[in-house]
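Here the structure is laid out as structure tokens; the discussion comes afterwards.
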Amino acid sequence: MQNVLVTGGAGFIGSHLVDMLLEQGKHVVVLDLLTYAGSMENLAEARVYNTFEFVHGDICDGELVSNILRNHNIDTVFHLAAESHVDNSIADPGKFIQTNVTGTYSMLYACLHYWEDKGRPHDFRFIHVSTDEVFGQLGLDDPAFNEQTAYAPNSPYSASKAASDLLARAWYHTYKFPAIITNCSNNFGTRQHTEKLIPKVVALALSGKPITIYGSGENIRDWLYVKDHCQGLILAATHGNIGESYCFGGNNEIKNIDIVLTICDMLDTFKPKGSPYRANIIHVADRKGHDFRYAIDATKARTALNWQTGINFAENLYTTIRYYGVMITPVKPQENVQ
């Protein structure tokens, strides 16, 4: 892995992956359309490297993708470009079909022909980065998702990601294309867009606005630190078997209400105000098709890839909240959280 293409590299997870690859001495090309969730500010650290290049463009532009692959002699593709917010997919599913399904097809089509034109090199890899939401939802006592869990997506977002996973799988089984699929639980860390739960709670709290929670707040998510996830993606590219999938989870199952309460309490410690932040928490009508619980069993990744998570969850969460406490600007009062 020397010449790497990262789609969606100006986004939250992508930019952390780019930084990690550059630190390892790789030549990295980022392809990003710079929609609302992507920002050149996320690539501030990457831009100081002379082994970094940025291309502003659309993954649906097959000719552009083909030119990048050829001109930079790409040997590894990390495909992260995607529409990812469930609420947005409910309001405008067509955009998710276009980016996540058609865009992934465009990437796979261009990469397949590039790979075949180069004589099907054994060291080429296509890492398709996906979500645990493709597996549907779990009951309170159900075993966690793993690589053998059947797909059962429940939102337009998760359905579009499931379709893209299946395309990558089909490319391997039909053409022996060297694709690897990864599925992760909820990521957290710096640079995440304020539509997501943790940065949005911080923004609402610091703005003095109601901190709104869907339904009872009993929904459970497994939280994975973004840098741990990126380490897993690199290990999948360098040590994973083609045609296989790997699940990455943080082993941190927490109710939405509990993580919101934790954020409020952490804000009380370094940005105290007259009353506790948790006093502003209110409950609103639940989201359509709101999955109850996600959880990942990452045994395969730990054993096959020797992947492991880093320092403890509470420390990473506190570092993340302090970052948003400095970086975030106030939000509109009508915006809700998950």
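The residue of the range 88-127 that is least open to solvent (accessible area, probe 1.4 Å), among those that are assigned to a loop (DSSP other than H, G, I, E, B) and modelled with pLDDT of 95 or more, is Phe124.
Quick check, is Asp286 within 25 Å of Val86 (Cα to Cα), open to solvent by less than 20 Å² (accessible area, probe 1.4 Å) and under 26 Å from the mean Cα position of the chain (by Cα)? No: the conditions fail for Asp286. Count of the range 128-154 residues, restricted to those that are open to solvent by 50 Å² or more (accessible area, probe 1.4 Å) and out of contact with any helix residue (DSSP H, G or I) (no Cβ under 9 Å at 6 or more places or on another chain), is 6. Screening the range 1-10 for residues that are open to solvent by 20 Å² or more (accessible area, probe 1.4 Å) and part of a loop (DSSP other than H, G, I, E, B) and picking the one that is modelled with the highest pLDDT gives Gln2.
Out of Asn252, Asn280, Asn306, one residue alone is on the phi > 0 side of the Ramachandran plot, open to solvent by 20 Å² or more (accessible area, probe 1.4 Å) and not small (Gly, Ala, Ser). It is Asn306. Of all residues assigned to the range 73-81, none qualifies as being at negative phi and part of a helix (DSSP H, G or I).
Considering only residues that are of a type in the set (Asp, Glu) and closer than 12 Å to Leu5 by Cα, which ones fall in the range 57-79? Residue satisfying the conditions is Asp75 alone. Residue check: is Leu206 open to solvent by 40 Å² or more (accessible area, probe 1.4 Å), hydrophobic (A, V, I, L, M, F, W, C) and touching a strand residue (DSSP E or B) at 6+ places or on another chain (Cβ under 9 Å)? In short, no.
How many residues does the range 11-57 hold that are part of a strand (DSSP E or B) and open to solvent by less than 50 Å² (accessible area, probe 1.4 Å)?
The number of residues fulfilling the criteria is 8.
Is it fair to say Tyr105 is within 24 Å of the chain's Cα centre (by Cα), in contact (Cβ under 8 Å) with a residue 60 or more places away in the chain and over 25 Å from Glu195 (Cβ atoms)? So Tyr105 fits the description; yes. Taking (1) among the charged types (D, E, K, R); (2) more than 23 Å from Ala10 (Cα to Cα); (3) modelled with pLDDT under 95 in turn, Glu195 satisfies each apart from (2).
The set of residues in the range 287-313 being in a helix (DSSP H, G or I) and in contact (Cβ under 8 Å) with a residue 24 or more places away in the chain consists of Thr299, Lys300, Ala301, Ala304, Phe313.
Condition test on Leu80, is it open to solvent by less than 40 Å² (accessible area, probe 1.4 Å), hydrophobic (A, V, I, L, M, F, W, C), touching a strand residue (DSSP E or B) at 6+ places or on another chain (Cβ under 7 Å) and in contact (Cβ under 8 Å) with a residue 12 or more places away in the chain?
Criteria met by Leu80.
Of the residues making up the range 67-113, just one is of a type in the set (Gly, Ala, Ser) and in contact with a Phe, Trp or Tyr (Cβ under 6 Å, 6 or more places away or on another chain), namely Ser89.
Considering only residues of the range 213-225 that are of a type outside the set (Phe, Trp, Tyr) and surrounded by fewer than 22 Cβ atoms within 10 Å (Cβ to Cβ), which is nearest to Ala301 (Cα to Cα)?
Out of the qualifying residues, it is Ile220.
The values are calculated or read from the model by the stated rules, or taken from the named source; none is laboratory data. Predicted model, so just to flag it, every value in this text is computed and none were measured. All Cβ positions, glycine included, derive from the backbone under ideal geometry; neighbour counts span all protein chains shown. Ligands, DNA and RNA are stripped out before the accessible areas are found, and what is left, the full protein with its side chains, is counted by its heavy atoms. Shrake-Rupley method; radii C 1.70, N 1.55, O 1.52, S 1.80 Å.
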